[in-house]
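Chemist: Just dropping this structure here.
We did not get these values from a lab; they are worked out from the coordinates using the rules stated. These numbers were taken from a predicted model, which means no experiment stands behind them. Here the Cβ positions follow ideal geometry from the backbone for every residue, glycine too, while neighbour counts run over all protein chains shown.
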Amino acid sequence: MDVFRDLLFGFSIATLPMNLLFCFIGVLVGTLIGVLPGIGPPAALSLLLPVTFHVPPVSAIILLAGIMYGAMYGGSTTSILVNIPGEAASVVTCLDGYRMARQGRAGAALGISAFGSFIAGTVSIFLLIFLAPTLAKFALRFGPPEYFSLMIMGLSILVYLARGSIINALIMVCFGLMLGTVGLDNMTGVTRFTYKITSLMDGLGLVQIVIGLFGVSEVFLNVERAFKQEVLKTKIKGLLPNREEWRRSIFPIGRGTIIGFFLGVIPGMSVVIPTFLSYTLEKRLSKHPEKFGTGMIEGVAGPESANNAASCGTLVPMLSLGIPTGAATALLLGALMIHGLRPGPLLMTESPEVFWGVVASLYVGNVMLLILNLPLIPLWVKILKIPYHYLFPLILLFCIIGSYTTNNNSYDIIIMTIFGMIGYLMKKLDYEAAPLVLALVLGPIMENAVRRSLVISDGDVTVFFTRPISAFFLIAGLLILFSPLFLKKTRVSAELRTGEE
Amino acid sequence: MKIRRLERCICFLLLVICFIGAAPAAAQDYPKGTIQLVVPFGSGGATDIFWRTLGDHFSKAFKTTIAIVNKPGGGGIVGMSGVLNAKPDGYTLCAGNSDTVNINPLFTKNLPFDTIEDVNYIVKVANFPQSLVVRTESPFKTFEDVIAYARANPKKLKASTPGVGTNPAMALRLISYDAKADIVPVGFSGGGESITALLGGHVDMAGIALPAARSQVQAGKVRVLAIFSKERHPLYPDIPTAYEKGYKQTLVDTGMGVVGPKGLPAEVIKKWETVVQATLKDPAVIAAIHKFDFVPDYQNGAQYKKEILDEFNMFKQVMAQSAN
């Protein structure tokens, strides 16, 4: 088959010593920025971009792509160990990953996210090779109405995301939606809720809110407790997932991969949303949904696979159509242009060595990441043995660095601190942060989508129901939202009842 | 004991931070140390990539490092406002895009500074053209086709833009005003989303920076009907301008230059003018700029400021009249 011949050709390029080296540097840098909260792939990509001017284009793109998916491996590390998501895409990993670490299963959680990422990455590469052209065309059919309906469906999953009270989760969703309205309105140019503060013009930063709500508040909470280190009491049992954990994780990894990849293909879809969907799905399918949030390995395996598959999916529109799906892929496009290549539909035929070389390097990079990450696990777990009076100041320091470096703006540290306090109160009063983060991600996309749809349709609301893809998502959303009512006798409602008590 | 050791550590760290923070400052024989060039946009955008590429060349010409720092926010306002408050020694400068200073104030009230009076316009480096594109399948073959249709069917045509307050969005307003052709702009978040909406057929046309549309043009997916520069693009002499078709006010280029705080030493401005003028004659630099579809356009500080002011007044007039 042609594809296999092309792929072999790609491997012959990706395994050249120089390209292997660049691939390694890429995934190493990616892992590191993934571990550091705040510093996201775009910042690292643009810092390294000038370095790539003097190397052949294939090597340059291999390096830059390595950073992008390498970050997805690293992002889970701090989520699991200290409850601070390294990337927004690892927020859900905190829910069960951190609990697992508390129970002495940090190694297993880290291990399953590395293996999950590896499996997801590998499967996604094959999906990318075989489905890229078809999928990219399908992704184009997503106009504003489809985005709106997809976001509605995304919001409806909250009924399964809530760990405790549904009412509290709804309040958090509203809070998140409100926070999402801050900043310059894209349609009219009006500034909303900025109180003449210039730094608020682009809205509240997702990174700062996430670091505040999860990381800083966790530190506050722990400082308040007696200085007892739970992890030291519970012995760290085994550094890799055991057979039972593997059995429980394998299907979540598969489902997470599928969700992540296909949602990643849709331009403008953030990598965050698939992780939430995956988590919800696992909770819905689990025999013990009530145990989610207490350290279920499924809740780590699914989302971690989803975010890796999604970062691979974002390459589909970029490689086959030349459309950027986010800041990171926009940078890759820019790099292609600087090297005199023509990104877009012609790339595959005009510069096959770049296209297939990069695709093959994705595979090579995933193997490297697995080899790189597994030996690191014992090292990471040791972090938990650092006495709290050293660990907490360090965590706070990294939170501050992370918040600052996203925009090089000291205002963001204030935002982070405020949300640290809000997060502390939320934890005290039993409000969860995950629904808030979900709403904050979905809200702005949803608002812009509904307004664009109505401008395009001259104010006709039926546009959401008459377009098939859009109608499908709306119906799916409604079904998810009301399914607990219809399935009264099921586990789900049992869980909801216990939640409302 | 333990606490005292910790204290000592903290003191040491603070000391280190102080040393890192202290930057060399001198007026004569500028530049003596690293020049920080704030790019007030996120990493990965056209502006960022442009300055990172040119930064390399300027670093060589200045014989010092030009460090690019991204400080995004508010369409360039956040980063620029930080630079304007910095010490006017020429070591903290800002990459200025014309829309930051001549379109922003028309939409955003309460800007922290006056974009004409408080900004020190040092030197202009390049232009990048804005264009009107349609899908290849579109019935519109020429710019006149669009105008004729829009005149006959007001508000029927929808055009995606990278968002309100951007140059392409301004270009659409100028068309509506200049050609009396009512086209409805649909603001997206950035050029990538905007061209995607066009490719998917969700809008009739897109106002977009030419570089952002280029790969789709080459792939035969979209067609450029016109650009909004005064002269035709040296790389694409076949693309007509709206100006030559008689729409004399439909002129909007994104000018890129270097700006700084008020009170910069004259030597600093002189040095930048000389260096930029010389660098823009280097064929390698021209080639690098052309890779982005940008056009080198050297202008000294005074010319640069006048151009910004003229555009600003023009836009203000259009905004005022199209409001009713």
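Chemist: Can you tell me the FRET efficiency between B:Ser322 and B:Leu235 if r is taken as the Cβ-Cβ distance and R0 is 25 Å, rounded to the nearest 0.05?
Modeler: 0.20
Chemist: A follow-up question, please. Send over the semi-axes of segment A:2-500's equivalent ellipsoid, whole angstrom and largest first, taken as the square roots of 5 times the C-alpha gyration tensor eigenvalues.
Modeler: After scaling each eigenvalue by five and taking roots: 32, 28, 23 Å.
Chemist: Along the Cα→Cβ direction, 7 angstrom out, place labels at A:Thr181 and A:Met18. What is the inter-label distance in nm?
Modeler: Result: 5.5 nm between the two label points.
Chemist: Ok, one more. B:Lys87 versus B:Lys156, label points 7 Å from Cα toward the beta carbon: distance in nm?
Modeler: With each label placed 7 Å out from Cα toward Cβ, I get 6.3 nm.
Chemist: May I pose another question? Going by average Cβ density within 10 Å per residue, which order do the peptides A:257-267, B:143-153, B:221-231 take, highest to lowest?
Modeler: Those peptides, ordered most packed to least, come out A:257-267, B:221-231, B:143-153.
Chemist: Okay, next question. Could you work out [θ]222 nm for chain A from helices alone, using -39500 (n - 2.57) per DSSP H run of at least four and dividing by all its residues? Round to the nearest 500 deg cm²/dmol.
Modeler: Mean residue ellipticity at 222 nm (helix-derived): -23500 deg cm²/dmol.
Chemist: A:Val190's amide H: which non-local residues (gap 5+, or another chain) put their own amide H closer than 5 Å, with H modeled 1.01 Å from N in plane and none for Pro or chain starts?
Modeler: When sequence neighbours closer than 5 places are left aside, the close amide H contacts are A:Asp185.
Chemist: Considering only the other residues whose Cβ falls under 13 Å of the Cβ of A:Val441, what net charge follows from Lys and Arg at +1 and Asp and Glu at -1?
Modeler: Once all neighbours under 13 Å are counted, the net charge is -2.
Chemist: Let me ask another. From a point 7 Å beyond the Cα of B:Asp145 in the direction of its Cβ, which residues of segment B:190-219 have a backbone N at a distance under 13 Å?
Modeler: Residues B:205 qualify, since their backbone N sits under 13 Å from the label point.
Chemist: What average number of partner chain Cβ atoms lie no more than 10 Å from the Cβ of the residues making up A:324-333?
Modeler: Per residue, the number of nearby Cβ atoms from other chains is 5 on average.
Chemist: Give me the inter-chain shielding for B:75-87: mean count of other chain Cβ atoms within 10 Å, whole number please.
Modeler: Going residue by residue through B:75-87 and averaging, the value is 2.
Chemist: Could you tell me how far the Cα centroid of segment B:235-280 sits from the Cα centroid of segment A:260-291, in Å?
Modeler: If you average the Cα positions of each part, the centres end up 48 Å apart.
Chemist: Mark the label point 7 Å from the Cα of A:Val55 along Cα→Cβ and return the residues of segment A:6-21 whose backbone N is within less than 15 Å of it.
Modeler: A:13-21
Chemist: Spelling out what I want: for every residue of segment A:289-305, take phi, set θ = phi - 60°, compute 6.51 cos²θ - 1.76 cosθ + 1.60 (Karplus), and round to whole Hz; glycine and proline get x.
Modeler: Per-residue couplings from phi come out as x, 5, 7, 5, x, 10, x, 8, 5, 4, x, 9, 4, x, x, 5, 6 Hz.
Chemist: Next question. Order of A:211-220, A:159-168 by packing, highest average Cβ count within 10 Å first?
Modeler: A:211-220, A:159-168
Chemist: Let me ask something else. Over all directions, what mean area does the Cα convex hull of segment A:240-340 project, stated in square nanometres?
Modeler: Value for segment A:240-340: 7.5 nm².
Chemist: Okay, next question. Averaged across A:135-146, how many Cβ atoms of other chains sit within 10 Å of each residue's Cβ atom?
Modeler: Mean inter-chain Cβ contacts per residue within 10 Å come to 3.
Chemist: From the C-alpha coordinates alone, can you work out the Kirkwood hydrodynamic radius of segment A:84-224, in Å?
Modeler: The answer is 18.9 Å.
Chemist: So, one more: Using label points projected 7 Å from each Cα along Cα→Cβ, tell me how many nm separate A:Ile418 and A:Thr466, to one decimal.
Modeler: The answer from the label model is 4.3 nm.
Chemist: Taking only the alpha carbons of chain B, what extent do you get along each of the three principal axes, in Å, biggest first?
Modeler: That works out to 81, 48, 40 Å along the principal axes.
Chemist: Counting only helical runs of four or more DSSP H residues, what would the 222 nm mean residue ellipticity of chain B come to if each run contributes -39,500 (n - 2.57) and the total is spread over all its residues?
Modeler: Helices in chain B give a 222 nm mean residue ellipticity of -13000 deg cm²/dmol.
Chemist: For chain B, what's the relative contact order in percent, using C-alpha pairs closer than 8 Å and at least 6 residues apart?
Modeler: 24 percent
Chemist: Here's a follow-up. What ranking do B:114-120, B:207-213, A:441-447, B:281-287 get when scored by the average of other Cβ atoms within 10 Å per residue, highest first?
Modeler: Highest-to-lowest ranking by the protection proxy: B:207-213, A:441-447, B:114-120, B:281-287.
Chemist: Based on alpha-carbon centroids, what's the gap between segment A:23-53 and segment B:50-83 in Å, whole number please?
Modeler: Using only Cα atoms to place each centre, the spacing works out to 19 Å.
Chemist: Can you tell me the Rg and the Dmax, both Å, for the Cα atoms in segment A:96-156?
Modeler: Considering segment A:96-156 through its Cα atoms, Rg and Dmax are 17.7, 47 Å.
Chemist: Quick check on my link table: of A:Lys283/A:Lys428; A:Lys196/B:Lys262; B:Lys124/B:Lys221; B:Lys230/B:Lys262; B:Lys158/B:Lys291; A:Lys137/B:Lys245, which ones sit more than 28 Å apart, alpha carbon to alpha carbon?
Modeler: B:Lys124/B:Lys221; B:Lys230/B:Lys262; B:Lys158/B:Lys291; A:Lys137/B:Lys245
Chemist: Express in whole angstrom the spacing between the alpha-carbon centres of segment B:300-324 and segment B:141-157.
Modeler: Cα centres, segment B:300-324 to segment B:141-157: 26 Å.
Chemist: Indicate, rounded to the nearest 5 percent, the antiparallel portion of the DSSP beta bridges found entirely in the protein assembly as shown.
Modeler: So the antiparallel bridges in the protein assembly as shown amount to around 65 percent.
Chemist: What does the charge add up to near A:Ala14, with Lys and Arg as +1, Asp and Glu as -1, over the other residues with Cβ less than 14 Å from its Cβ?
Modeler: Every neighbour counted, the sum reads -2.
Chemist: In addition: With a cut-off of 8 Å between alpha carbons and a minimum separation of six or more residues, what is the relative contact order of segment B:129-252 in percent?
Modeler: 35 percent
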